[in-house]
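Have a look at the structure below, then the notes.
The values are calculated or read from the model by the stated rules, or taken from the named source; none is laboratory data. In this text the structure is predicted, and so the values were computed from the model without any measurement. Quick reminder, even Gly has a Cβ in these numbers, built from the backbone with ideal geometry, and neighbours come from all protein chains shown. Ligands, DNA and RNA are stripped out before the accessible areas are found, and what is left, the full protein with its side chains, is counted by its heavy atoms. Shrake-Rupley method; radii C 1.70, N 1.55, O 1.52, S 1.80 Å.
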Amino acid sequence: MLHLRGVQLPDPSLFLQRLFEALAHDGIVTDGLPLDHLCYRVETTDRYTAMKALLSENGRCLGEHTIGGRPIATYTLTTPFSFQGRSIEVVELPAPKTGSPYTEGWEHAEFVVDEEPKAFAARYPQLNWDLSGADKKNNADVRLNCAGFSVKFHRRALVVVIAGEEETSD
(Lines give C-alpha, C1' and ligand atoms only; values in the text may rest on other atoms or scores of the structure.)
Protein backbone atom coordinates (compact mmCIF):
# COMPACT_ATOMS: atom_id res chain seq x y z
CA MET A 1 0.00 0.00 0.00
CA LEU A 2 1.36 3.43 -0.95
CA HIS A 3 1.02 6.36 1.51
CA LEU A 4 1.71 10.08 1.33
CA ARG A 5 0.44 12.65 3.85
CA GLY A 6 -2.87 10.92 4.57
CA VAL A 7 -3.39 9.73 0.98
CA GLN A 8 -3.12 6.05 0.20
CA LEU A 9 -3.41 3.75 -2.77
CA PRO A 10 -4.95 0.46 -1.63
CA ASP A 11 -3.20 -2.83 -2.22
CA PRO A 12 -4.66 -4.30 -5.43
CA SER A 13 -4.45 -7.93 -4.24
CA LEU A 14 -8.19 -8.37 -3.52
CA PHE A 15 -9.06 -6.74 -6.85
CA LEU A 16 -6.60 -9.01 -8.67
CA GLN A 17 -7.89 -12.09 -6.87
CA ARG A 18 -11.45 -11.29 -8.01
CA LEU A 19 -10.20 -10.56 -11.53
CA PHE A 20 -8.31 -13.84 -11.90
CA GLU A 21 -11.23 -15.79 -10.41
CA ALA A 22 -13.56 -14.21 -12.99
CA LEU A 23 -11.15 -15.02 -15.82
CA ALA A 24 -10.81 -18.62 -14.65
CA HIS A 25 -14.61 -18.91 -14.38
CA ASP A 26 -14.92 -17.68 -17.97
CA GLY A 27 -12.21 -20.09 -19.13
CA ILE A 28 -9.81 -17.37 -20.25
CA VAL A 29 -6.20 -18.49 -20.14
CA THR A 30 -3.83 -15.67 -19.18
CA ASP A 31 -0.69 -17.73 -18.59
CA GLY A 32 2.07 -16.04 -20.55
CA LEU A 33 0.08 -12.84 -21.11
CA PRO A 34 1.73 -9.77 -19.58
CA LEU A 35 -0.55 -7.97 -17.12
CA ASP A 36 0.25 -4.57 -18.56
CA HIS A 37 -1.31 -2.17 -16.09
CA LEU A 38 -4.02 -1.48 -13.53
CA CYS A 39 -6.45 1.43 -13.56
CA TYR A 40 -7.42 3.24 -10.38
CA ARG A 41 -10.51 5.51 -10.54
CA VAL A 42 -11.24 8.49 -8.31
CA GLU A 43 -14.45 10.43 -7.67
CA THR A 44 -13.24 14.04 -7.51
CA THR A 45 -10.70 16.36 -9.10
CA ASP A 46 -9.18 17.01 -5.66
CA ARG A 47 -8.69 13.27 -5.17
CA TYR A 48 -7.15 13.03 -8.65
CA THR A 49 -4.62 15.71 -7.69
CA ALA A 50 -3.83 13.97 -4.39
CA MET A 51 -3.39 10.58 -6.07
CA LYS A 52 -1.11 12.09 -8.72
CA ALA A 53 1.09 13.46 -5.92
CA LEU A 54 1.12 10.05 -4.21
CA LEU A 55 2.03 8.22 -7.40
CA SER A 56 4.71 10.81 -8.26
CA GLU A 57 6.32 10.21 -4.86
CA ASN A 58 6.29 6.46 -5.49
CA GLY A 59 7.14 6.31 -9.17
CA ARG A 60 7.62 8.25 -12.37
CA CYS A 61 4.93 9.95 -14.43
CA LEU A 62 5.04 8.64 -17.99
CA GLY A 63 2.63 11.30 -19.14
CA GLU A 64 -0.74 12.94 -18.67
CA HIS A 65 -2.88 12.98 -21.79
CA THR A 66 -6.42 14.11 -22.51
CA ILE A 67 -8.46 11.09 -23.59
CA GLY A 68 -12.22 11.13 -23.88
CA GLY A 69 -12.36 14.74 -22.68
CA ARG A 70 -10.50 14.29 -19.41
CA PRO A 71 -6.86 13.93 -18.31
CA ILE A 72 -5.41 10.49 -17.66
CA ALA A 73 -2.04 10.21 -15.93
CA THR A 74 0.11 7.08 -16.15
CA TYR A 75 2.89 6.09 -13.76
CA THR A 76 5.55 3.43 -13.43
CA LEU A 77 5.99 2.48 -9.80
CA THR A 78 9.40 2.41 -8.15
CA THR A 79 8.32 -0.76 -6.35
CA PRO A 80 5.93 -2.76 -8.55
CA PHE A 81 2.94 -4.58 -7.13
CA SER A 82 3.45 -8.35 -6.93
CA PHE A 83 0.65 -10.84 -7.32
CA GLN A 84 0.94 -14.59 -7.86
CA GLY A 85 4.30 -14.35 -9.58
CA ARG A 86 3.37 -11.31 -11.64
CA SER A 87 4.97 -7.90 -11.32
CA ILE A 88 2.74 -4.95 -12.16
CA GLU A 89 4.57 -1.66 -12.40
CA VAL A 90 2.20 0.61 -14.34
CA VAL A 91 -0.84 2.40 -12.90
CA GLU A 92 -3.28 4.45 -14.95
CA LEU A 93 -5.14 7.24 -13.12
CA PRO A 94 -8.06 8.86 -14.99
CA ALA A 95 -9.53 12.12 -13.76
CA PRO A 96 -13.27 11.94 -13.13
CA LYS A 97 -15.40 12.45 -16.22
CA THR A 98 -18.36 14.81 -15.95
CA GLY A 99 -21.58 12.81 -16.01
CA SER A 100 -19.84 9.45 -15.50
CA PRO A 101 -19.45 8.96 -11.76
CA TYR A 102 -17.25 6.13 -10.49
CA THR A 103 -16.73 4.90 -6.98
CA GLU A 104 -13.07 5.19 -6.05
CA GLY A 105 -11.06 2.01 -6.42
CA TRP A 106 -9.41 -0.38 -8.81
CA GLU A 107 -11.53 -0.34 -11.97
CA HIS A 108 -9.80 -2.43 -14.62
CA ALA A 109 -6.71 -4.36 -15.61
CA GLU A 110 -5.27 -4.74 -19.10
CA PHE A 111 -3.35 -7.63 -20.63
CA VAL A 112 -1.20 -7.58 -23.75
CA VAL A 113 -2.08 -10.26 -26.32
CA ASP A 114 0.07 -11.38 -29.23
CA GLU A 115 -2.75 -11.23 -31.77
CA GLU A 116 -5.41 -8.80 -32.83
CA PRO A 117 -7.81 -8.26 -29.91
CA LYS A 118 -10.84 -9.31 -32.00
CA ALA A 119 -9.10 -12.61 -32.79
CA PHE A 120 -8.41 -13.11 -29.08
CA ALA A 121 -12.08 -12.49 -28.24
CA ALA A 122 -13.15 -14.86 -31.00
CA ARG A 123 -11.45 -17.71 -29.13
CA TYR A 124 -14.09 -17.22 -26.42
CA PRO A 125 -17.32 -16.76 -28.41
CA GLN A 126 -19.51 -17.71 -25.45
CA LEU A 127 -18.58 -14.48 -23.65
CA ASN A 128 -20.28 -11.11 -23.98
CA TRP A 129 -17.36 -9.03 -25.30
CA ASP A 130 -17.49 -5.25 -25.53
CA LEU A 131 -15.92 -4.65 -28.94
CA SER A 132 -16.39 -0.87 -28.93
CA GLY A 133 -12.62 -0.33 -28.74
CA ALA A 134 -11.69 -3.06 -31.21
CA ASP A 135 -11.32 -0.71 -34.17
CA LYS A 136 -9.39 2.08 -32.43
CA LYS A 137 -6.47 3.27 -34.52
CA ASN A 138 -4.08 3.44 -31.59
CA ASN A 139 -3.95 0.19 -29.58
CA ALA A 140 -7.33 -1.40 -30.19
CA ASP A 141 -8.79 -3.43 -27.33
CA VAL A 142 -11.62 -5.72 -26.34
CA ARG A 143 -13.25 -5.64 -22.91
CA LEU A 144 -15.10 -7.97 -20.60
CA ASN A 145 -17.28 -6.40 -17.93
CA CYS A 146 -17.43 -8.26 -14.66
CA ALA A 147 -19.22 -7.50 -11.40
CA GLY A 148 -17.81 -4.09 -10.46
CA PHE A 149 -14.72 -4.10 -12.68
CA SER A 150 -13.53 -4.92 -16.17
CA VAL A 151 -10.60 -6.47 -17.97
CA LYS A 152 -9.21 -5.43 -21.33
CA PHE A 153 -6.97 -7.15 -23.83
CA HIS A 154 -4.89 -5.07 -26.22
CA ARG A 155 -1.95 -5.49 -28.58
CA ARG A 156 0.68 -3.07 -27.25
CA ALA A 157 1.84 -2.25 -23.74
CA LEU A 158 0.70 1.15 -22.46
CA VAL A 159 4.34 2.20 -21.89
CA VAL A 160 5.04 1.58 -25.59
CA VAL A 161 1.93 3.49 -26.67
CA ILE A 162 2.84 6.49 -24.49
CA ALA A 163 6.45 6.46 -25.71
CA GLY A 164 5.17 6.56 -29.31
CA GLU A 165 2.91 9.50 -28.49
CA GLU A 166 5.82 11.38 -26.90
CA GLU A 167 8.00 10.78 -29.98
CA THR A 168 5.35 12.14 -32.35
CA SER A 169 4.81 15.27 -30.22
CA ASP A 170 8.52 16.21 -30.14
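Quick notes
- Within a Gaussian network of the chain (alpha carbon springs, distance under 10 Å), most fluctuating of 68, 133, 105: 68
- Here the extension length gained between residue 13 and residue 56 equals 13.4 nm, from 0.36 nm per residue of separation less the Cα-Cα distance.
- Sites listed here are trypsin sites (Lys or Arg not before Pro) in segment 1-87 whose DSSP assignment is loop and whose Cβ has at most 13 other Cβ atoms within 10 Å: 5.
- Compared with the dominant Cα axis of the chain, that is its longest principal axis, helix 158-169 is turned about 70°.
- Accessible area of segment 1-131 belonging to carbon and sulfur atoms, whole % at 1.4 Å probe: 50
- Two numbers describe the Cα atoms of the chain: Rg and Dmax, which are 15.7, 47 Å.
- Label-point separation in nm, residue 128 to residue 103, each point 7 Å along Cα→Cβ: 1.9
- Inter-label distance, residue 82 to residue 44: 3.6 nm, where each label sits 7 Å from its Cα along the C-beta direction.
- On Cα atoms only, tilt of 13-26 relative to the major axis of the chain in degrees: 10
- Counted residue by residue at 0.36 nm each, then reduced by the alpha carbon distance between them, the extension gain from residue 115 to residue 135 reaches 5.8 nm.
- Within the listed set 21, 110, 89, the Gaussian network model of the chain (springs between alpha-carbon atoms below 10 Å) gives the highest mean-square fluctuation for 21.
- For segment 95-118, backbone nitrogen atoms closer than 16 Å to the point 7 Å from residue 70 Cα along Cα-to-C-beta are found at 95-108.
- Accessible surface calculations at 1.4 Å, restricted to protein heavy atoms, place segment 70-170 at 52 Å² per residue.
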